[in-house]
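*Asks:* Here's a structure for you.
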Amino acid sequence: MGSKENFGLVKQLAEVCGGVVGATRPATEDEWIPRSHQVGQSGKIVAPKLYIACGISGATQHVSGIMGSNYIVAINKDEDAPIFEVADVGIVGNVMDIIPIMIEEIKKIKS
Ligand SMILES: Cc1cc2nc3c(=O)[nH]c(=O)nc-3n(C[C@H](O)[C@H](O)[C@H](O)COP(=O)(O)OP(=O)(O)OC[C@H]3O[C@@H](n4cnc5c(N)ncnc54)[C@H](O)[C@@H]3O)c2cc1C
């Protein structure tokens, strides 16, 4: 997500989905979110109905924590990112463009 400010978009997306925010180790190390939200080998194992990976490379140390997810959507600007190998749906693009559109569309559906 590039910065703590940008990471706020992930929090907005989780809020409209009625979800919670998990994170990779770099995001917790940069203090965008508390360490207790880290998912993966040295974090938590999660098993949501829907996991949306926003700008996540798909390192095995992270992916090992998300494989219990029912459905994985990944957004990454690199079409060769390893996260696409485990995603049910992959969106190649910039998270800063895609996430606001998702938030607006979900809001429309909910209303
Ligand atoms: C012993 C050990 C334990 C570890 N435990 C964990 C753990 O529990 N959890 C964990 O997560 N990691 C863990 N790690 C770290 C792990 O190896 C990876 O370094 C980490 O998961 C990478 O996080 P990332 O995908 O956020 O960052 P990066 O690897 O930096 O990837 C960022 C991704 O975002 C994409 N991107 C960048 N900008 C944009 C944009 N604007 N729009 C769309 N896509 C974009 C890039 O293409 C890239 O794929 C551990 C490492 C070790 C050695």
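*Asks:* Sort out which residues of the range 1-30 are part of a helix (DSSP H, G or I) and in contact (Cβ under 8 Å) with a residue 60 or more places away in the chain, and write them in order of number.
*Replies:* Residues satisfying the conditions are Asn6, Leu9, Val10, Gln12, Leu13, Val16, Cys17.
*Asks:* Another question, if that's okay. Cβ-Cβ below 6 Å, separation at least six or inter-chain, first residue in the range 36-53 and free of Cβ contacts under 8 Å to residues at least 60 places away in the same chain, second among the β-branched types (Val, Ile, Thr) and part of a strand (DSSP E or B): which pairs?
*Replies:* That search, which allows pairs on different chains as well, returns Val46/Val39; Tyr51/Ile72; Ile52/Val73.
*Asks:* Check whether at least one residue in the range 74-93 is of a type in the set (Gly, Ala, Ser) and in contact with a Leu (Cβ under 8 Å, 6 or more places away or on another chain), and report yes or no.
*Replies:* no
Yes/no per residue for (1) more than 6 Å from the ligand (Cβ to nearest atom); (2) of a type outside the set (D, E, K, R):
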{"residue": "Lys44", "(1), (2)": "yes, no"}
{"residue": "Ile56", "(1), (2)": "no, yes"}
{"residue": "Thr60", "(1), (2)": "yes, yes"}
{"residue": "Ile66", "(1), (2)": "yes, yes"}
{"residue": "Ala74", "(1), (2)": "yes, yes"}
{"residue": "Asp80", "(1), (2)": "yes, no"}
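*Asks:* Now for a separate question. Strands (runs of 3 or more DSSP E) wholly in the range 31-97 with at least 1 residues that are open to solvent by 90 Å² or more (accessible area, probe 1.4 Å) - which ones?
*Replies:* In the range 31-97, the matching strands (runs of 3 or more DSSP E) lie at 71-76.
*Asks:* Quick one: which residue in Gly93, Gly19 is within 25 Å of Lys107 (Cβ to Cβ) and more than 10 Å from the ligand (Cβ to nearest atom)?
*Replies:* Matching residue, one of Gly93, Gly19: Gly19.
The values are calculated or read from the model by the stated rules, or taken from the named source; none is laboratory data. Note that the structure is predicted; figures quoted are calculated from it, not measured. Heads up, the Cβs are rebuilt from the backbone with ideal geometry, glycines too, and the neighbour counts pull from every protein chain shown. Surface accessibility is based on the protein's heavy atoms, side chains included, excluding ligands, DNA and RNA. Shrake-Rupley method; radii C 1.70, N 1.55, O 1.52, S 1.80 Å.
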